1. Considering only lysines 8 or more places apart in sequence, or on different chains, count the pairs in the range 2-114 whose C-alpha atoms sit under 18 Å apart.
2. What is the set of long-range amide H partners of VAL93 at a cut-off below 5 Å, with H atoms built 1.01 Å from backbone N?
3. Determine the shape class of the range 2-114: with a ≥ b ≥ c the square roots of the Cα gyration tensor eigenvalues, call it rounded for a/c under 1.5, and otherwise prolate if a/b is greater than b/c, oblate otherwise.
4. Can you give the net charge of the other residues whose Cβ lies under 11 Å from the Cβ of ASP48, counting K and R as +1 and D and E as -1?
5. Tell me, what HN-Hα J-couplings in whole Hz come from the Karplus equation 6.51 cos²θ - 1.76 cosθ + 1.60 at θ = phi - 60° for each residue of the range 86-91, using x for Gly and Pro?
6. Find, among the GluC sites (Glu not before Pro) in the range 1-64, those assigned to loop by DSSP (not H, G, I, E, B) with at most 13 other beta-carbon atoms within 10 angstrom.
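Since every read-out is calculated from the coordinates, none of them should be taken as a lab result. Predicted model only: the values in this text are computed from it and were never measured. With ideal geometry, Cβ positions are generated from the backbone for all residues, glycine too; neighbour counts draw on all protein chains shown.
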Amino acid sequence: MRHEIKKIAKITDELTTFFLKYHAKEMEIKLEEIDQGKIISLIAKQLDNIEEAIKNIKEHLSYERSIDMEEYYWKLADESECNDGLSLVGVMVDEASLDYSTEESFVYIELIRKHEMHCKNERR
C-alpha cells in the first residue's frame, strides 16, 4: 500500500513538472478513488509552446502499462531532465485520455491506474 501511494505521488509529480516546463500559468490536479483503482486528472492552462507539449504527451503516454517495468523503474521518476519521466507515467497507468485546445491554450489529461489485482495489462 505504501508503494502504491508513492507511485501515485510520482505520477502527479511528473505531470506537474512536465507542465511547469511549459510555463503553465494554472494547473488543477484531481485524484478520485474508484472500485478498480484511481483516476488522476489534470488540467493545465496558458502553456507556452502548447503544440510541442501535446506532441510529447501523445508520444510518451501511449505506452502500455508494464507492471514489471513499473516495479523496476518507478523510483527513478523525476531523476531525468528529459521526458523519460512522462514515459514512465505511461507504463504506470492503464488508460490515458487527452483533450486540448490550442486556441484556448489548455490541456486536460485523465489517467486511470487500476489496482494490480484488476490489471490485465490491457489498455487503450
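1. For the range 2-114, qualifying lysine pairs total 23.
2. Those qualifying (amide H under 5 Å, at least 5 residues apart or on another chain) number zero.
3. It comes out prolate by the Cα gyration axes.
4. So the surrounding residues net to 0.
5. With the stated coefficients, the range 86-91 comes to 5, 5, 4, 4, x, 7 Hz.
6. On the way: sites: GLU4, GLU14, GLU26, GLU28, GLU32, GLU33, GLU51, GLU52, GLU59, GLU64; in loops: GLU64.
Loop-located and lightly packed - GLU64.
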